[in-house]
Amino acid sequence: MNRLLVLAPLLLLLAALQNCKPEKSSCNQCSGSDSLYTATPLTLTQPFKFPAIKIPDDNPLTEEGVQLGRMLFYDPILSADSSISCASCHKQEFAFADGGKQFSQNVFGLTKRNTPPIFNVLWMKDFFWDGRAHTLPLQVEDALVGEQDFSEASIVSKLEKRDDYTALFNKAFGKPCGISQTKIEKALSQFMMTLISTDSKFDKVMRGQATFTASEQNGFYNLFMKDTGAAFGFGADCFHCHANSSSTSNLTLIDNNFHNNALQPSTTFTDFADKGKGAITNNQFDNGLFRTPHVRNIEVTGPYMHNGQFATLEEVIEFYNSGLKNSPTVDPQIKAVHQGGLQYLTAQDKADLVAFMKTLTDTAFLNNPKFSNPFK
Ligand code: HEC
Ligand code: HEC
C-alpha cells in the first residue's frame with residue numbers, strides 16, 4: 001500500500017494539532033470530549049400576516065451565529081484584496097441596497113445589475129434578479145466569488161490567522177471546530193435571516209395601529225390592489241405581481257415569481273439587452289423575465305429596476321402609465337402593453353400610488369442597532 005495514503009490521516013491530524021496549540025484559548029473551547037460549545041438558540045418573532053417562519057434544519061439560528069454573520073457581513077476581510085465587504089454595496093440606511101447608485105463597485109469593476117435590498121429573505125424562494133440561486137448559502141457563495149473575488153483557501157486562511165474569528169466560529173458552530181467556507185456561508189445566512197422588515201406605517205395600518213391618509217388609502221386600495229379597466233374602477237393592477245393575492249391576507253408583498261413587466265423592447269424572443277431568467281434556464285420563453293422585486297422600503301432602494309434605469313418612483317409610475325415596451329414574453333398581466341401603458345392615471349392617481357408606496361418605509365428597520373456595523 002502507498003505509504004503516503006497511510007500517513008495522510010496522521011499528517012492531517014498533526015496539522016490540526018499544530019493549528020490548535022493549547023496556548024490558543026480559541027482552540028481549547030473545541031478540544032476534549034466535554035467541550036462541545038452549545039450556542040444560544042435564537043427565536044424570531046412571527047410577523048403579522050406573514051407565512052410561518054421556517055428556518056432551514058441544517059442552519060438553526062443562534063445568537064453567536066447571527067453575531068458572527070453580522071461581523072462577516074461588515075468585514076472587508078472577506079474580499080480578495082480586503083477592500084470591500086458585503087456592506088460596501090448593501091447599506092442598512094437603504095434597506096441594504098446601494099442607495100442612489102445604478103451599479104455598484106465590486107472587486108472587478110462595476111456590477112452588471114442594480115444592487116437589490118436585503119430583507120425578509122425568509123419568505124423568498126429565489127435569489128438575484130434572475131433567480132440563479134435557490135438558497136441563501138448558494139446566494140452567498142455567488143456573492144463572495146462574483147463580487148469579492150473570494151477564494152476559499154485564501155480567505156479561510158486569512159480568517160484563521162485571527163484568534164478572535166477562530167473563537168467565534170467555534171462558539172457559533174462547535175464541532176468539528178475550525179473555519180470553513182460552509183460555516184462562513186451559514187453565518188452570513190443566519191444574519192440575513194434576522195433582517196426582517198415588518199414595521200412600516202403600512203404594517204401598522206394593517207394591524208389597526210395607524211390610519212392611511214386619503215391619498216395613501218386611494219393609492220393602496222383603489223389603484224395598487226385593483227385590476228385595470230372600467231369593470232374594476234380603473235385600478236393600476238400592481239397586486240398581481242407585487243402581492244400574493246388580491247386580499248391583504250399575506251403581507252409579504254412579493255409573489256415569488258418571474259415576469260417581463262415590459263421594461264425592455266424586443267421584437268424577437270432573443271434580442272433583450274439582459275435576458276434575465278432566460279440566461280439561466282436557456283428557455284427563450286424566460287427571456288426578459290425578472291424576479292418581482294420588493295416594494296417594501298421602496299422609497300430608499302432606488303434607482304429602480306434590474307438595470308437601475310429609473311431614478312424616482314414618479315418615473316416608475318409613469319413607466320407603467322405610458323412607457324411600456326412590447327416584446328414577445330411580456331406578462332399577460334401587463335394588459336395595456338399594446339397601448340404603451342395604462343394611460344388613464346391622473347396626476348392625483350400617480351401621487352396617490354407614490355404616497356402609498358412611501359408608507360412601506362420601515363424606519364425602525366433602517367435604524368435597528370442590531371443590524372448596524374458591529375465594528376463602529
Ligand atoms: C459590489 C457590490 C456587492 C457586494 C460587495 C455584495 N453584493 Fe450582494 N448583490 C449585489 C448585486 C449587484 C446583486 C444582484 C445581482 C444579480 O441579481 O444579478 C446582489 C444580490 C444579493 C442578494 C440577493 C438579493 C435578492 O433580492 O435576490 C443577497 C442576499 C446578497 N447580494 C448578499 C450579499 C452578501 C452576503 C455579500 C457579502 C458576502 C454581498 N451580497 C456582497 C452587489 C453586491
Ligand atoms: C406582471 C407583473 C408586474 C406588475 C403587474 C407590476 N409589476 Fe412592478 N415589477 C415587476 C417586475 C418583474 C419588476 C422588475 C423588472 C426589472 O427589473 O426588469 C418590477 C419592478 C417594479 C419596481 C422597481 C423595484 C426595484 O426595486 O427596482 C417598482 C417600484 C414597481 N415595479 C412598482 C409597480 C407598480 C406601482 C405597479 C402597478 C402600477 C407594478 N409594479 C405592476 C412586475 C410587475
* Structure fact -> Residues of the stretch 191-214 being open to solvent by less than 30 Å² (accessible area, probe 1.4 Å), touching a helix residue (DSSP H, G or I) at 6+ places or on another chain (Cβ under 9 Å) and more than 15 Å from Ala143 (Cβ to Cβ), in sequence order, are Met193, Thr194, Ser197, Thr198, Ser200, Phe202, Val205, Phe212
* Asked: From the list Tyr221, Tyr165, which residue is outside the structural domain of Val316 (by TED's automatic domain parsing) and either open to solvent by less than 60 Å² (accessible area, probe 1.4 Å) or at pLDDT 95 or above (or both)?
  -> Tyr165
* the stretch 300-334: number of residues that are more than 10 Å from ligand 2 (Cβ to nearest atom), in contact (Cβ under 8 Å) with a residue 40 or more places away in the chain, farther than 14 Å from Leu289 by Cα and open to solvent by 60 Å² or more (accessible area, probe 1.4 Å) -> 1
* To do: Could you run through the stretch 260-273 and say how many residues are open to solvent by 30 Å² or more (accessible area, probe 1.4 Å) and either within 24 Å of Gln339 (Cβ to Cβ) or touching a His at 6+ places or on another chain (Cβ under 8 Å) (or both)?
  => 7
* Structure fact -> Conditions (1) near ligand 1 (Cβ under 10 Å from one of its atoms); (2) surrounded by fewer than 20 Cβ atoms within 10 Å (Cβ to Cβ); (3) of a type in the set (A, V, I, L, M, F, W, C); (4) touching a residue at least 40 places away in the same chain (Cβ under 8 Å) -> Ile77 fails only (1)
* Asked: Does Asp237 satisfy being part of a loop (DSSP other than H, G, I, E, B) and more than 12 Å from ligand 2 (Cβ to nearest atom)?
  -> no
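Assigned to a loop (DSSP other than H, G, I, E, B) and either away from ligand 2 (no atom under 13 Å from the Cβ) or open to solvent by 60 Å² or more (accessible area, probe 1.4 Å) (or both) - does that describe any residue in the stretch 286-297? Steps first, answer last, please.
The initial filter retains those residues of the stretch 286-297 that are assigned to a loop (DSSP other than H, G, I, E, B), namely 287-288, 292-297.
Restricting the remaining residues to those that are either away from ligand 2 (no atom under 13 Å from the Cβ) or open to solvent by 60 Å² or more (accessible area, probe 1.4 Å) (or both) gives none.
No - not one qualifying residue is present in the stretch 286-297.
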* **Every residue from the stretch 96-120 that is within 6 Å of ligand 1 (Cβ to nearest atom) and over 20 Å from Ala80 (Cβ atoms)** => Arg113, Pro116, Ile118
* Asked: Is there a residue being closer than 24 Å to Val300 by Cβ, in contact (Cβ under 8 Å) with a residue 40 or more places away in the chain and not assigned by TED's automatic domain parsing to the domain that holds Thr346 anywhere in the stretch 171-189?
  -> yes
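The values are calculated or read from the model by the stated rules, or taken from the named source; none is laboratory data. What you see is a predicted model, and the numbers here were worked out from it, not measured in a lab. Heads up, the Cβs are rebuilt from the backbone with ideal geometry, glycines too, and the neighbour counts pull from every protein chain shown. Accessible surface is based on the protein model in full, side chains and every heavy atom, while ligands, DNA and RNA are left aside. Shrake-Rupley method; radii C 1.70, N 1.55, O 1.52, S 1.80 Å.
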